[in-house]
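Remarks on the structure that follows.
The values are calculated or read from the model by the stated rules, or taken from the named source; none is laboratory data. Bear in mind that the values here come from a model prediction, so they are computed numbers and not experimental data. Using ideal geometry, Cβ is built from the backbone for each residue, glycine included, and neighbour counts are taken over all protein chains shown. Surface areas here come from the heavy atoms of the whole protein model, side chains and all, with no ligands, DNA or RNA. Shrake-Rupley method; radii C 1.70, N 1.55, O 1.52, S 1.80 Å.
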Amino acid sequence: MSMKINDQLSRPLRDLRISIMDQCNFRCTYCMPKEVFGKDYVFMKEEELLSFTEIVRTAKQFAQLGVNKLRITGGEPLLRKNASLLIRELHDIPGIDDIALTTNGVLLPKFAKDLKKAGLKRVNVSLDALDTAVFQEMSGRQTKAEIVLRGIDAALEAGLGVKVNMVVKRGLNEHEVIPMARYCKERGVMLRFIEFMDVGQTNGWDYSKVVSKKELYDAVSEIGSLQPVDPYYFGEVASRYRYEDSDVQVGFISSVTETFCGTCTRARLSADGKIFTCLFSEDGIDLKQDLRVGKTDEFLFTKIKEVWEQRSDRYSELRTAETSKNRKKIEMSYIGG
């Protein structure tokens, strides 16, 4: 039986997001802009990454502390060899009942069936536009959106749940909101709009580039009236709505204009083994050294417990133009979204 622990603001620990790779085959403007992450950028060497054995051992300690949901992230996690083998091992951890994976979808035609067989429940696919020119500008690559759409189809055919995530950036892709909403409604998958956030130091964030939840809601309402849906669980990040004329839902993740720090139940494990208690953290707590010098499971359990019980993060609630500019936040590609 797992222990239930709370942080300094009485928020329970329930979710763990595990980054398994800092590399990606896209260069999205809001995450890994190509001007920064160019051909000479130095990514982690294989020996710097946590091994699958180390990841599973760490996840077991989190599960004993109340975590029941895992999300595998990157970078692009499917660039890591044999990712489905990791999913299978994580699926066997007592107490873990939901494993999802965030991906740009390009490699899903190759791996979706294996991921499903391994125990993966759902993929969250990043897709910011259908229009080729806009998609290429957002992704930083000369790829067409159709390759991601094929990945979505492959995931659905394999029996995986699918959510589509769209980051909306003013002046770049807000005119793609309605086409994306129409596509997802017709395809029967949930589209979640994400406000452009000031994650990391390199994405050029400015509040004027944020398209608010209210603006997005009003735009989507043009294709169908929306009815609010109750949260599935405490700490759900998206405010969900259902189209009145169908069972399809749409969600809004409004970290900037309607913050949800007060119900955040998520810890993050970086690809090189550091615990982060907020997406906007400056520093993490290292576990890799402990794992590699032979520390016991009891030691790891206690260390993770103490990190969470000391947690008091609420960056988004306190965000100002000054804190966004001056805080040296970790990059999203390092910690995962």
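Just to be sure I understand, how many residues within segment 262-279 are in a loop (DSSP other than H, G, I, E, B) and within 18 Å of Phe299 (Cα to Cα)? I'd like the intermediate steps shown before the answer.
Taking segment 262-279 and keeping what is in a loop (DSSP other than H, G, I, E, B), we get 264-265, 270-273, 277-279.
The next check asks that each one be within 18 Å of Phe299 (Cα to Cα); those that pass are 273.
Summing the residues that are in a loop (DSSP other than H, G, I, E, B) and within 18 Å of Phe299 (Cα to Cα) in segment 262-279 gives 1.
Taking the criterion of being of a type in the set (Lys, Arg) and touching a Cys at 6+ places or on another chain (Cβ under 7 Å), no residue of segment 133-166 qualifies. Across segment 324-336, a minimum of one residue is classified as at pLDDT below 85, of a type in the set (Val, Ile, Thr), within 21 Å of Arg14 (Cβ to Cβ) and touching a strand residue (DSSP E or B) at 6+ places or on another chain (Cβ under 6 Å).
The residue list Val256, Val237 contains one member that is out of contact with any Cys (no Cβ under 7 Å at 6 or more places or on another chain), open to solvent by less than 50 Å² (accessible area, probe 1.4 Å), among the aliphatic types (A, V, I, L, M) and over 20 Å from Leu13 (Cβ atoms), which is Val256. Got at least one residue in segment 195-211 being open to solvent by 20 Å² or more (accessible area, probe 1.4 Å) and without any contact (Cβ under 8 Å) to a residue 12 or more places away in the chain? Taking every residue of segment 195-211 in turn, at least one turns out to be open to solvent by 20 Å² or more (accessible area, probe 1.4 Å) and without any contact (Cβ under 8 Å) to a residue 12 or more places away in the chain. The set of residues in segment 1-44 being at pLDDT 95 or above and more than 27 Å from Asp313 (Cβ to Cβ) is empty. Only one of the numbered conditions (1) open to solvent by 50 Å² or more (accessible area, probe 1.4 Å); (2) over 17 Å from the mean Cα position of the chain (by Cα) is not met by Leu226, and that is (1). Residues in segment 280-300 that are assigned to a loop (DSSP other than H, G, I, E, B), open to solvent by 20 Å² or more (accessible area, probe 1.4 Å) and under 28 Å from Tyr30 (Cβ atoms): Glu282, Asp283, Gly284. One residue stands out among those in segment 38-63 that are out of contact with any Asp or Glu (no Cβ under 9 Å at 6 or more places or on another chain) and over 20 Å from Gly119 (Cα atoms): the one that is least open to solvent (accessible area, probe 1.4 Å), which is Gly38. Of all positions in segment 290-313, at least one carries a residue that is over 29 Å from Ala181 (Cα atoms), among the acidic types (Asp, Glu) and at pLDDT below 95.
Scan segment 1-26 for residues that are open to solvent by less than 50 Å² (accessible area, probe 1.4 Å) and closer than 18 Å to Cys278 by Cα and the total you get is 12.
Keeping to segment 74-87, report how many residues are open to solvent by less than 10 Å² (accessible area, probe 1.4 Å) and under 22 Å from Gln289 (Cβ atoms). Selection size over segment 74-87: 1.
Residue count for segment 263-289 satisfying the condition of being modelled with pLDDT under 85, within 24 Å of Ser51 (Cα to Cα) and in contact with a helix residue (DSSP H, G or I) (Cβ under 9 Å, 6 or more places away or on another chain): 2.
Listed by first and then second residue, the pairs linking a residue in segment 217-232 that is of a type in the set (Asp, Glu) to a residue that is part of a helix (DSSP H, G or I), with Cβ atoms under 8 Å apart and 6 or more places separating them unless they lie on different chains, are Glu222/Ile178.
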